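Single-structure report; data block below.
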Amino acid sequence: MAVAAYAALLSLKHDFDNIQHPVRRHRLHVDTDRIQSWQEKVEFLLEFLEVHSQSKSQEIEDLARQIAVVAVEADDVIDRHVVDQLCEGSQDESHDLAALSSFCQDIDKIIEKIDGITQDLMMIKEKWGDNVQEKNSAVSVPVSSRTLPSGGNDTMVGFEEGLLQIMDVLTSDESNLQILPIVGMGGIGKTTLARNVFNNPYIINRFDILTWITISQEYSMKEILLGLLNDGSIKERAEIEELEALLYQRLFGRKYLIVMDDIWSIKVWDDLKKFFPDNRNGSRIMMTTRLTNVAVSLGTLEPYSMDFLDYDKSWNLLCEKVFGEKSCPYPELEGIGKDIAKGCKGLPLALVVIGGLLANSNMQREYWVSIARNVNSFANSQDNEHCLKILLLSYNNLSIHLKLCFLYMRAFPEDHEINVSKLIKSWIAQGFIKPVRGKSLDEVAKKYLKDLVDRNMILIHKWTRRGKMKTCSIHDLLRDLCLKEFERENLFSVSKVEHIELSGKFKNYVCCLCSHPYPKERIHLQAVLVGSRSAPSSPLVCEACRVMHPNLIRLRWVKVINHVHGFSGENFPQHTRLRCLTIKASREGQGDWAEAKFVFPCTISLLWNLQILVLDLEYSYSHPLVLPFEIWEMPQLMRLSVGGFSLRDPHMHQLEITLENLSVLSTRTFKCSEEVIKRMPNLKKLRSSYSNGLVKDSHYSLCNLAQLNKLASLYLEHYSLSEGIAFPTSLEKLTLSRCSIPWEEMTIIGSSLPNLEVLELKHPTFQGAEWNLVEEEFLRLRVLSISGCKLVSWRVESNHFPKLERLFLEDMHDLKEIPSSIGDIATLVSIHLDTCGNSVLHSAMQMLNEQVDYGNEFELLINGEDIYSLILGEGKDMGWWNPDDDDH
């Protein structure tokens, strides 16, 4: 329940931050002293949960449950009073005083309850001191000598190459003490691999001392030292200082191999490293850990990272566990068995657990079929908790803020590849990200994601061209764990249903919990939720989610609204809980846009929690759409994606409100006035499109753009760079789509943007067909993409793009060739070509031939096909390909 309490307190903290913003104080009647006192108490409870969330104390668990209930109640109090005041506005003095008095009374009741909980917490701290967690956790440290790893039968299937690679490292000629970490998620086979290395006769004969010790999460330094010494004559009553001296003396001058299994923190190594002498005789220390950051910090060698088994190796391991051989002697079971192996998703732990069940099944086909239908349930069943316990170690090691974000992964379907940007947006919209001074919520959320990736709880599938995380996923067994822990933590008790009522019909129906498509014929189930009395009906919930979560009463975020007709302020959603609103609207039928009364309501500012606003709709430049002035009264906005709308200039008589949280803006005909620029000082990503008739208007000049000194990504469409532009030096990515670009402007871009890593030119209009680069241009550019360009001659030297890694060319029919000097760039790893002329293809093939001859890793993709792999797969010589041959 601690995670649920933490989530509720975080939501409350966000409310406090919103209330105390100057624009809110201007419109609300609140007692700032009471709010400040309230906020301090909430901060105390947050800190307590962060420190003691892993406590096994029933007292702490009971208090966490009370915290969750009170925090939800407090959230409702704030929302009710704020909404009433925002909707009614300031009236006569007596009415305003009555509203303030009512608010204060409700606050005092909540504070009284929080004070009671705080007193109970202080009594616990006084009773146990600062060791609440330790007082309720048994310290268990399995340690061992050389003999333990030889016990048991750890089948080594699929990691033979890794075994040889690690043995080569351990027995290399390097005389200095070296530390080799093995890293990977729980159950991926780290210990098995290390054990097979440790027990290999070749390794045994190369070292004087071999010792294996398992550290685990909770450890005793004395127990570790006794395990490393492995000397029965040493009494357990010996002092730690004596044990430390004995260990150093035993290892000094001898060639040793120490295996430290299951390392969870850097601290244990910091405590031990001074007792391992560097004898300069080839001694080695091998460690296993689930944490990438620990592996990188501890190792003197690059960590050996373990990956999932492929399909064939998974099948071989399953057969070895079931039949004792790498094949299936029962033809009638082979097809089902291969489906089971595939369902384990390459995780050795799952294969071993399932293999044990199948081995004892008397080879009954019906039983095999039942397992194939739900591999995860059998692997994590209560009757066979080995798998679940191993994965729980990783979950229990997470800080409470990471647990909260990890548990949200249950919202995505099994085997779903998740867009990282969508995940980050979801965490923020749910209120799961704790504000950090000096950092945006987006930055903090990305740090959370990186921490979960480093702990091998979340897997990265794809990377962007800039080397940033693009899509991710979670292993099925971890998702199953996620579902169990989500229910155990009772997180639904702190999520509130907020229905968005819009006129017009919905085109698409999706479950508001799992996002699965919802059959139109089943929409009568839409009122299954309780606690949404403010709306005539509740969000759609699929039958599976209804059964799984019968006690659901609150959900904080409705993600997508598909709206057909225009709307006005009368039917705009007035539900102020909303943190993220996405409206996909289109106009049915044909007709003049002037007839479409599409009005964006000024009541948008009443959505005082709204952080993300996305309007995805058809628009016409001949009939522009404009956002209301009130958009400038929403300081909590972080992302504003309104491509069909333009921003009004801020009212000069308005409060000078700064949208300090706004980091992403997508709009039409962005006016780069000083007044606008100073109101969005932390903008990091800007996208704007223009019409050809507007770019000559001085009001739309981008000469002030350089003042956005935190801007990292810029996308411009239909803009003429000759009309004046000043790029900020902070730019890392620049995309110019259908822009008019003088060649001298390209020189300015290449020489004045020292941080530029990605340049995309989409259907540009160049003044001339020849591009001649000069010295000191594009010194940090890693990705260059050009498409639909009339470029004919391109003159490049290898020192012009010294860090170029990837080149993308599309629809380049006029280009004579790719300059040969491009192939001489040492960092180049791939060229991607799509619908280019034969001369371009021919020059790319020549580069591929040269790279292969040099033994370099190089990727050439033509129309999506990996040419090198295609050639090798057909067993052909590299010189076979002729781009002028119609057969190719």
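Values quoted throughout were computed directly from the atomic coordinates according to the rules given, and no laboratory measurement underlies them. From a predicted model like this one, the values you see are computed outputs, not experimental measurements. Positions of Cβ are generated from backbone atoms using ideal geometry, with glycine treated the same way; all protein chains shown enter the neighbour counts.
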Next item on the list: Could you list which residues have their amide H under 5 Å from that of residue 720, counting only those 5 or more apart in sequence or on another chain, with H placed in the peptide plane?
Entry: 740
Check: Given R₀ = 60 Å, FRET efficiency for residue 470-residue 31 by Cβ-Cβ distance, to 0.05?
Finding: 0.80
Checklist line | Hz values of 3J(HN,Hα) by residue in region 768-779 - Karplus curve (6.51, -1.76, 1.60), Gly and Pro given as x | finding: x, 10, 10, 10, 10, 7, 10, 5, 6, 10, 6, 6
Note to self: Could you check the spin-label model distance between residue 436 and residue 205? Points 7 Å from the Cα along Cα→Cβ, value in nm.
What the structure shows: 5.2
Next item on the list: With r as the distance between the Cβ atoms of residue 744 and residue 649 and R0 = 35 Å, compute the FRET efficiency 1/(1 + (r/R0)^6) and round to 0.05.
Entry: 0.65
Margin query: Testing the spin-label approximation: label points 7 Å from Cα along Cα→Cβ at residue 393 and residue 58. State their distance in nm.
Written below: 2.9
Next item on the list: Treat each spin label as a single point 7 Å out from the Cα along the C-beta direction, and report the residue 816 to residue 301 distance in nm.
Entry: 5.2
Next item on the list: Work out, step by step, the length gained on full extension between residue 419 and residue 373: first 0.36 nm times the residue separation, then minus their alpha carbon distance; give nm to one decimal.
Entry: 13.8 nm
Check: Out of the DSSP beta bridges found with both residues in region 724-883, what percent are antiparallel (nearest 5)?
Finding: 5
Note to self: Using a 10 Å cut-off around each Cβ, can you sort 758, 642 from fewest to most neighbouring Cβ atoms?
What the structure shows: 758, 642
Margin query: Whole-Hz ³J(HN,Hα) for each residue in region 794-811, computed from phi via Karplus 6.51 cos²θ - 1.76 cosθ + 1.60 with θ = phi - 60°, x for glycine and proline: what do you get?
Written below: 10, 10, 9, 10, 4, 8, 7, 10, x, 10, 5, 10, 9, 10, 10, 10, 9, 6
Next item on the list: Determine the relative contact order of region 783-874: mean sequence separation of Cα pairs under 8 Å and six or more apart, normalised by residue count, in whole percent.
Entry: 25
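To the nearest 0.05, how large is the calculated FRET efficiency for residue 722 and residue 770 if R₀ is 22 Å and r is the Cβ-Cβ distance?
Here the calculated transfer efficiency is 0.75.
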Check: Relative contact order (percent) for region 694-811, with alpha-carbon contacts under 8 angstrom and 6 or more residues of separation?
Finding: 20
Next item on the list: Quick one: what are the phi-derived ³J(HN,Hα) couplings along region 666-677, Karplus 6.51/-1.76/1.60 with θ = phi - 60°, whole Hz, x for glycine and proline?
Entry: 10, 8, 10, 6, 5, 8, 9, 7, 4, 5, 6, 4
